[in-house]
Amino acid sequence: MLNYRRYLKDKSCLLRCHATDSEEHLWTRLRRKQLLGIQFYRQKPLGNYIVDFYAPKVKLVVEVDGSQHLKGGYLQKDENRDAFLAGLGIYVIRFNSREVLVETDAVVEAIHQTVNVRLKLKIPPGPPFSKGGV
């Protein structure tokens, strides 16, 4: 079962309400199972983290990173988060905000290819989400 910290639920809702332009732009292409019939969730709590987009059927996280991810301690935090998710068998694919806004079709194609590969791997579906903390 994929547990998450209960306090993250309110924060994830807030993040959905105040999404960045690039997140909103990408969401219009991922929502409603538009990509190979795969359900994506946005601002989904997983463990101690909130991921931008998550597709449980293929255990895929899509992150849209702003410029702040290139400086300070963000790189290390991102590496720690990616390692935690990898430990759960979840693959993380990252794009920067500008890529999403300027090269949307290329970003969606890269996600499409990744989903397609992961579908062919016949990844067992993830367990249902827990409604409580760890």
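The values are calculated or read from the model by the stated rules, or taken from the named source; none is laboratory data. Worth saying up front: this structure is predicted, and the values here are computed from it rather than measured. Quick reminder, even Gly has a Cβ in these numbers, built from the backbone with ideal geometry, and neighbours come from all protein chains shown.
Assorted remarks:
- Members of segment 90-112 that are in a helix (DSSP H, G or I) and either touching a residue at least 40 places away in the same chain (Cβ under 8 Å) or within 19 Å of LEU75 (Cα to Cα) (or both): SER97, ARG98, GLU99, VAL100, LEU101, THR104, VAL107, VAL108, ILE111, HIS112
- Residues located in segment 47-86, provided they are out of contact with any Pro (no Cβ under 9 Å at 6 or more places or on another chain), under 16 Å from TRP27 (Cβ atoms) and either modelled with pLDDT of 90 or more or acidic (Asp, Glu) (or both): ILE50, ASP52, PHE53, TYR54, ALA55, LEU60, VAL61, VAL62, GLU63, VAL64, ASP65
- Condition check for LYS33 on (1) in contact (Cβ under 8 Å) with a residue 60 or more places away in the chain; (2) under 24 Å from GLU103 (Cα atoms): one failure, at (1).
- Any hit, segment 33-47, residues being exposed (fewer than 15 other Cβ atoms within 10 Å of the Cβ), within 15 Å of the chain's Cα centre (by Cα) and at positive phi: yes
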